[in-house]
1. Please verify whether residue 32 is among the aromatic types (Phe, Trp, Tyr), modelled with pLDDT of 95 or more and out of contact with any Asp or Glu (no Cβ under 8 Å at 6 or more places or on another chain), treating the condition exactly as stated.
2. Filter region 254-298 down to residues that are among the acidic types (Asp, Glu), assigned to a helix (DSSP H, G or I) and either within 17 Å of residue 130 (Cβ to Cβ) or free of Cβ contacts under 8 Å to residues at least 24 places away in the same chain (or both), then give me how many there are.
3. Test of understanding: among 152, 244, which residue is crowded, with 19+ Cβ neighbours inside 10 Å and farther than 25 Å from residue 322 by Cα?
4. Return the pair list, or none, for Cβ contacts closer than 8 Å from residues in region 118-130 that are touching a residue at least 24 places away in the same chain (Cβ under 8 Å) to residues that are among the basic types (Lys, Arg) and not in a loop (DSSP other than H, G, I, E, B), at least 6 apart or on different chains.
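The values are calculated or read from the model by the stated rules, or taken from the named source; none is laboratory data. Note that the coordinates shown come from a computational prediction; the quantities given were computed from them, not determined experimentally. Cβ: placed from backbone, ideal geometry, glycine included. Neighbour counts: every protein chain shown.
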Amino acid sequence: MTRKHTLFGGVALGLTAALPTFAQDDTTRIAFIPQIAGIPYYVAMEEGAMRAAEELGVEYVQEGPTSTNAADQLRIFESFVNQGFDVIAISPLDGETLKPAISRAIEQGIVVLTADADAPDSDRQFFVAQALDRDLGYTLLDEAVERIGESGKIAIVSDSPTIQSMQNWIAAIEERAETTYPDIEIVSVDHTDGTAQRAYQFATDAMTRNPDLKAILGMASTTCPGIAQAVEAADLVGEVLTAGYCSPNTARDYIKSGAMPFSVLWNPADLGYLTVWVGDHLVDGGEITGAFEVEGLEQTIEYLPENDVILLGPPSVFTEENVDDFDF
C-alpha cells in the first residue's frame, strides 16, 4: 500500500513488532464502533473518517448500537473480527466486557484501537483521544464557575457508569471543585440509559430536590438536550445554568435560548480523521513514538507513551459568539 500522508517528528516508518500486520494485497479495511448510532457527534466523526479513508485509499465502515448497550456493541465488534477487518476502533461502553474480545482480535493480527473513549485495562494498542480527561473536566467546571460564581450547588447527569471516559471527567470535575472551588457542592451524579428523556427527568428531579441549584452539567451528548429542556420547561433559564460535552449543532438552540450558555467539546470530524489515519499507518507497519504532524489536520498530534495515548488537542468552548462558526 502506498503511503498517502507524510509523517513528521517522532514517528518512524519501520515495522512495529507489537503490531502484527496482514500480509495481503487488497484494500485496508477499517471499522469504527461508536457508543450509539446516528447522533450528530458520531455522524461528524464518520464524515471526518470518510474523508481520511478517501484520501488514504482505505475502506471505512462505521456501525454502532441503536442504544448505549454494551452487549450489542460487543456483538458488532465480534462481527467485524469475523469479517476480517484489518483495523477495528471502538468507543467502549464497557471496557471490561470488551477485554476478552479485544485480546482475541489482537491475537488474530487485527489492529485494535480505542477512540473517543478508552478501555485502558484492555490490550488495545492505542487510544486515539480527543483531549485529556483532566482538561475536559477542569474546563467544564471552570467555565461554569465563571458564570455562576465560586459557590453553589451543581448536579451532574451522565450516561452509563461503565463508560470510563465520562467517569474520568466526573472525577476531574470533583477534584477541581475540591481543590479550587471548595464552596461548590456537587449534590448528585445520575446516570441515564443514553436518552435525552432520562436526562430531562434527572435534571427535573435535581431542581425539585434543590430549589437553590445553580447548574446542571451533562457528560454525554445525549444528555445535553434533556437537561437544557428541563430548565426551559421549569422556566428557570438564567437561574439554573446547563452545560456539557455536546456538539455545536446539538447545543445551538439551547445556547441561543440562554438555557445552555456554552458547551465544551472538540472537533469530532478531526477525531474521526485521526483514527483512520492511525489505523492505516499501523497496518502499513508504521510506529508511533512521539509527537507528529498529519497532513489534513492543522494541529500537532501529541503522543503520551506512558498510556499509549494519541492526543488530538485541547478542548474547545462553544458560545453564542462562535457556535455558528461550526457545523457538526
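1. Working: among the aromatic types (Phe, Trp, Tyr): yes; modelled with pLDDT of 95 or more: yes; out of contact with any Asp or Glu (no Cβ under 8 Å at 6 or more places or on another chain): no.
No, not satisfied.
2. The initial filter retains those residues of region 254-298 that are among the acidic types (Asp, Glu), namely 270, 280, 284, 287, 293, 295, 298.
If we keep only those that are assigned to a helix (DSSP H, G or I) too, we end up with 270, 280.
If we keep only those that are either within 17 Å of residue 130 (Cβ to Cβ) or free of Cβ contacts under 8 Å to residues at least 24 places away in the same chain (or both) too, we end up with 270.
Number of matching residues: 1.
3. Values: 244 fails: farther than 25 Å from residue 322 by Cα.
Every option except 152 fails the conditions.
4. Going by the 8 Å Cβ cut-off, the qualifying pairs are 119/99; 121/99; 122/99; 123/99.
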